[in-house]
Amino acid sequence: MKALRDRAGLLGPGLARIRERFAIPPAFPAGVTAAARLAAQRVPNSHVDRTAVPFVTLDPASSTDLDQAFAIETAGSDLVLHYAIADVGFFVKDGDPIDREAWARGTTTYFPDGKAGLHPPELAEAAASLLPDGPRPALILTTRIDPAGAVRLEQVERALVRSRAKLAYATVTEADLPAGFAELARRIEGAADRRGASRVDPPQQEVDRDDAGRYHLGFRPRRLSEDRNAALSLASNLAVADALYQARTGLFRVMPPPDARAEQRLRQTAAAFSFEWPAAMTLAQLERSLDPANPRDAALMLEIRRASNGASYVPWRSGGRPWHAALAATYVHATAPLRRLADRYVLEAVHAVSNGRPVAPEVELAFQRLPDVMAAAGARDGQVERAVVDLAEVALLSGQEGAAFDAVVTDLGPAQSGKGGARIQLCDLPVVARIGPGTPTAPGERLKVRYEGPDPQRDAPRFTRLR
């Protein structure tokens with residue numbers, strides 16, 4: 001992470017402007033907070049007692065909204081994953097003030113200096129969070145993983161669980177984790193490779209603020225513990241997806257592969273970073289050649305992740321299996337209900353299916369409404385993330401007004417409509433911008449551009465072509 005040269009004090013006021021621009025609520029309405037405080041006092045009386053199971057959590061050290069805890073056991077050559085997920089449905093009821101506010105928000109929206117939660121902190125960071133300070137209600141997804149990495153959902157039950165430890169990615173050791181943790185991840189990753197799943201896991205481009213109030217911009221590398229932990233969620237979500245598909249219900253996460261235009265844009269971006277990408281090499285082969293620890297590779301990995309036509313949600317319907325091209329599988333989101341609205345309903349559906357009951361009509365109705373709600377929330381979060389990165393790039397370029405940079409045109413985008421100009425990638429910095437309409441360009445063309453300063457309307461870098 002690199003400290004930003006925020007000489008003009010852009011970031012603090014700029015983040016406030018972003019919140020205002022996207023109507024991010026600064027707090028929860030008083031009625032929602034009051035309802036959350038009452039809900040937090042509910043005592044589970046129909047949950048099975050599983051507090052003897054040695055669950056642990058693994059998250060960033062600063063996280064307090066803990067959706068998942070896990071325990072692993074062996075069964076012959078199989079591994080059995082017990083994945084406890086925060087039981088948001090126990091605290092939030094359809095139509096109550098917390099539920100109505102969650103439908104208005106859709107997701108938790110993150111900023112480098114805080115977040116706007118999906119649920120009030122009285123629930124998301126206390127009563128519903130799987131913190132290691134007492135028993136919590138949860139839905140336990142029990143999934144069997146065979147030696148080849150095939151998954152099968154065996155059981156879903158509402159239970160009381162007690163986390164033994166709040167482990168952190170940066171400090172966790174093998175001794176802290178259940179036996180089988182690394183082997184389970186190896187099986188899931190091996191199965192993904194054999195399916196032909198994309199393995200694009202770039203370091204996250206991140207704007208952060210430290211305890212001294214200084215902002216930083218950089219790539220946060222993914223740790224091995226983080227990748228292995230992600231395999232637990234993947235195994236559970238794949239197993240839930242298969243169970244719901246077989247039951248002819250559910251809400252699925254789907255993604256098409258990058259189209260020809262997107263791949264051409266990626267080739268231009270690769271050229272900007274001087275990558276050798278032979279015409280005969282597939283995108284999947286290129287992905288496997290990239291090293292996320294290398295900043296240049298990481299920047300290209302980010303572009304690959306952005307290049308698909310986007311993931312979306314679809315309810316079950318006859319006529320074709322829902323498909324997530326990047327995972328080469330049928331997939332759902334079920335493991336982060338504290339932060340994503342859709343997950344609560346997927347969990348309620350799979351709990352019913354696993355226990356031989358029909359899915360409640362209100363859940364089926366929610367599956368029809370959720371795609372639009374989640375798409376709007378996802379679009380907002382993507383715009384917020386882009387605006388924050390734009391703001392950080394302006395701070396990074398502070399003092400370099402008038403400086404020249406090498407760049408390459410990666411896409412004409414909406415330039416022909418006069419709305420945005422050509423999309424360019426700087427060759428020496430992971431900065432993406434547009435140059436104005438009317439500038440003759442072609443995809444792949446190398447340019448010399450001048451940094452003119454921030455766009456006063458958007459706090460984004462503004463460039464003009466020199467030659």
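Of all residues being farther than 14 Å from residue 80 by Cα and surrounded by fewer than 18 Cβ atoms within 10 Å (Cβ to Cβ) in the stretch 132-159, which is modelled with the lowest pLDDT? Just the residue, please.
At the first step, the residues of the stretch 132-159 found to be farther than 14 Å from residue 80 by Cα are 132-139, 157-159.
From what is left, the residues that are surrounded by fewer than 18 Cβ atoms within 10 Å (Cβ to Cβ) are 132-135, 157.
Working: 132: 97, 133: 94, 134: 88, 135: 97, 157: 98.
Among residues in the stretch 132-159 that are farther than 14 Å from residue 80 by Cα and surrounded by fewer than 18 Cβ atoms within 10 Å (Cβ to Cβ), the one modelled with the lowest pLDDT is 134.
What number of residues within the stretch 375-391 satisfy the criterion of being over 17 Å from residue 306 (Cβ atoms) and either surrounded by fewer than 19 Cβ atoms within 10 Å (Cβ to Cβ) or touching a His at 6+ places or on another chain (Cβ under 9 Å) (or both)? Residues meeting the conditions: 1.
For beta carbons closer than 6 Å, sequence separation of 6+ or different chains, a first residue in the stretch 49-60 that is over 19 Å from residue 231 (Cβ atoms) and a second that is at pLDDT 95 or above and hydrophobic (A, V, I, L, M, F, W, C), the qualifying pairs are 49/160; 50/159; 50/161; 51/160; 53/71; 54/71.
Those helices (runs of 4 or more DSSP H) of the stretch 1-99 in which at least 1 residues are under 26 Å from residue 333 (Cα atoms) and within 26 Å of the chain's Cα centre (by Cα), considering only elements entirely within it, cover 30-39, 88-91.
The selection criterion, being touching a His at 6+ places or on another chain (Cβ under 9 Å), assigned by TED's automatic domain parsing to the domain that holds residue 30, aliphatic (A, V, I, L, M) and in a strand (DSSP E or B), holds for residue 159. Looking at residue 55 and the list (1) farther than 27 Å from residue 380 by Cα; (2) aromatic (Phe, Trp, Tyr); (3) in contact with a helix residue (DSSP H, G or I) (Cβ under 9 Å, 6 or more places away or on another chain), which single condition is not satisfied? Looking at each condition in turn, residue 55 falls short on (3). For the stretch 179-203, the tally of residues that are surrounded by fewer than 17 Cβ atoms within 10 Å (Cβ to Cβ) and either at pLDDT 85 or above or out of contact with any Pro (no Cβ under 9 Å at 6 or more places or on another chain) (or both) stands at 10. Among the residues of the stretch 240-261, just one is in a loop (DSSP other than H, G, I, E, B) and of a type in the set (Asp, Glu), namely 259.
Residue 360 satisfies every condition listed in (1) among the small types (Gly, Ala, Ser); (2) within 17 Å of residue 344 (Cβ to Cβ); (3) touching a residue at least 40 places away in the same chain (Cβ under 8 Å) except (3).
Please work out if residue 235 is in the same structural domain as residue 85 (by TED's automatic domain parsing) and surrounded by fewer than 19 Cβ atoms within 10 Å (Cβ to Cβ).
Numbers: in the same structural domain as residue 85 (by TED's automatic domain parsing): yes; surrounded by fewer than 19 Cβ atoms within 10 Å (Cβ to Cβ): no.
When the stated conditions are applied, residue 235 does not pass them.
The values are calculated or read from the model by the stated rules, or taken from the named source; none is laboratory data. What you are looking at is a predicted structure, and each value in this text was computed from that prediction instead of being measured. Positions of Cβ are backbone-derived with ideal geometry, glycine not excepted, and every protein chain shown enters the neighbour counts.
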